[in-house]
Structures are given as C-alpha cells and as structure tokens.
Amino acid sequence: TQLLEQSPQFLSIQEGENLTVYCNSSSVFSSLQWYRQEPGEGPVLLVTVVTGGEVKKLKRLTFQFGDARKDSSLHITAAQPGDTGLYLCAGGETSGSRLTFGEGTQLTVNP
Amino acid sequence: GAGVSQSPRYKVAKRGQDVALRCDPISGHVSLFWYQQALGQGPEFLTYFQNEAQLDKSGLPSDRFFAERPEGSVSTLKIQRTQQEDSAVYLCASSLRTNKFHSGTQYFGPGTRLTVL
C-alpha cells in the first residue's frame with residue numbers, strides 16, 4: 001500500500017500571508033492531484049500534475065511535483081478567507097485506478 | 001444532473017442494522033469509485049468499477065461490505081450488521097475513463113454521512 005504524508009495537519013494564518021502545504025511519500029506515483037473540500041461536500045479537484053518537476057499555477061496557487069514523482073507542494077500567495085478549507089493531496093498509483101489520499105491540511109484564513 | 005449525486009445524504013443506523021447507500025454517477029462515466037472518509041482524515045479507497053465489472057475491491061474493510069453496479073450506471077454500497085466503527089462519510093466518485101496508467105479526473109459526490117449508534 002502506498003502512503004502519502006501531508007503536513008501540516010492544521011494551519012491558521014492571517015489574511016495576506018503566504019503558506020505552503022507539503023505532501024510526501026516513499027513511493028512513486030503516476031500522477032499527483034490536489035483537492036479542496038468544504039464541510040458537507042465532496043473533494044473538488046484543483047489540479048493534476050503528471051510529470052516529474054512539473055509546476056502549475058492557478059491564480060494565487062502554485063503546485064509542484066517532485067522530480068522523482070514522490071512528493072508535491074501547494075503554495076498559496078496572499079491567502080484570503082475564501083481559501084479556508086480542507087486541502088487534500090492524492091496520488092494516482094502506477095497500476096492505475098485508485099487514488100491514495102493524504103490526511104489533509106485544514107487551512108483557516110482569518111480576516 | 002450535472003454532477004455525481006448520492007443518497008441519502010445522512011443515515012443513522014442502530015448497531016446491527018443493514019444499510020444501503022446509493023450513487024448516481026455522471027452520465028456516460030465508465031469508472032466509479034467508493035471511498036470512506038473518517039472524521040478529520042482523507043478519503044480511503046474501498047472499491048472500483050469499470051462499467052458493471054468490479055475490478056478492485058481490495059479496500060473493503062470486511063465481508064460485511066458489498067458493492068454492486070449491475071447495469072454499469074447506478075451503484076449501491078451495502079453494509080451489513082453495521083458497527084460503530086463503520087461511522088464515516090462514504091464518498092462516491094466517477095470518471096470518464098481509466099487505464100492502467102491514469103485513473104482520469106475523478107468527480108466526487110457530496111457523500112453520505114453514516115452514523116451508527
């Protein structure tokens with residue numbers, strides 16, 4: 001079973017601050033996906049990275065996939081209260097089909 | 001509908017009861033996944049269907065858990081003789097296609113929150 005360790009588990013910051021969430025594994029994944037989940041809802045896909053070393057930007061969010069395809073990071077610039085939520089990384093296993101999720105980072109951005 | 005729907009949204013069961021959770025995937029999506037999400041944790045894989053075929057059920061925690069997708073569309077996750085440790089949110093996801101290299105983008109439903117008393 002492949003495991004993903006996500007850190008930090010909880011993060012509370014002030015509006016305007018920057019933050020980085022990390023997702024690490026000893027296993028290689030075929031793809032790495034980042035989701036955001038609101039209370040009472042299912043996870044919503046933010047981005048998929050598939051190539052080692054890949055960097056993707058989505059407005060104030062920057063996603064990076066490690067060269068060895070074992071780790072990833074999510075960086076948010078100038079966080080806003082609307083960014084509050086549970087951020088989940090998920091690895092696509094090399095055998096296809098299932099996603100392996102990290103434990104999530106609960107982000108709270110205070111106004 | 002435009003997205004994945006699940007019913008019921010909330011289910012309270014007494015220990016020992018059987019429950020059935022329904023998932024309606026996005027129309028035309030070949031692949032369907034069930035995940036279990038405990039409070040404060042990330043989702044954990046339970047099982048996967050491609051059309052009506054259940055290709056992976058290695059994540060089902062016990063033989064009390066059973067899933068089916070008889071016509072390759074709607075799926076039902078059944079839990080027999082529920083236990084308190086079964087309390088969790090059960091998420092369903094569908095994707096257009098999957099192959100041995102990539103599962104395809106998975107779109108999640110809102111989940112069913114099961115509470116076993």
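Quick look at the numbers
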| quantity | calculated |
| --- | --- |
| Per residue value of the accessible surface for the stretch B:1-106 (all protein chains in place, 1.4 Å probe), Å² | 51 Å² |
| Given chain B, longest segment not containing exposed loop GluC sites (Glu not before Pro) (DSSP; at most 16 other Cβ within 10 Å) | B:1-51 |
| Sparse-neighbourhood loop sites, GluC sites (Glu not before Pro) in the stretch A:1-77 - DSSP loop, at most 16 other Cβ within 10 angstrom | A:15, A:17, A:41 |
| Percentage relative contact order, the stretch B:28-93, counting C-alpha pairs under 8 Å, at least six apart | 34 percent |
| Accessible carbon and sulfur surface of the protein assembly as shown relative to its total accessible area, %, 1.4 Å | 49 percent |
| Shielding by partners - mean other protein chain Cβ count within 10 Å, residues of A:39-47 | 5 |
| Approximate shape of chain A as ellipsoid semi-axes (Cα gyration tensor, √5λ), whole Å, largest first | 23, 15, 12 |
| Lys/Arg +1, Asp/Glu -1 at C-beta; the protein assembly as shown dipole; positive extreme among B:95, A:7, A:85 | B:95 |
| Sequence-separation-based contact order of chain A, relative, with Cα cut under 8 Å and 6+ spacing, percent | 37 percent |
| Average beta carbon contacts from partner chains per residue of B:34-40, 10 Å cutoff | 3 |
| Estimated buried accessible area (total), pair B and A, 1.4 Å, Å² to nearest 100 | 1700 Å² |
| Accessible area of residue B:56 in the full protein assembly, 1.4 Å probe (Å², nearest 10) | 30 Å² |
| C-alpha center-to-center spacing [the stretch B:54-117, the stretch A:39-55] in angstrom | 20 Å |
| Whole-Hz ³J(HN,Hα) from phi, Karplus 6.51 cos²θ - 1.76 cosθ + 1.60, for the stretch B:44-55, glycine and proline x | 10, 4, 10, 7, 9, 10, 10, 6, 8, 8, 8, 8 |
| Surface accessible to a 1.4 Å probe, residue A:26 within the full protein complex, Å² | 100 Å² |
| Cβ-placed point charges (K, R +1; D, E -1), dipole of the stretch B:12-117 about Cα centre in debye, nearest 20 | 120 debye |
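The values are calculated or read from the model by the stated rules, or taken from the named source; none is laboratory data. Bear in mind that the values here come from a model prediction, so they are computed numbers and not experimental data. Virtual Cβ from ideal backbone geometry, glycine too; neighbours counted across all protein chains shown. Note: accessible area is taken over every heavy atom of the protein model, side chains too, but ligands, DNA and RNA are not part of it. Shrake-Rupley method; radii C 1.70, N 1.55, O 1.52, S 1.80 Å.
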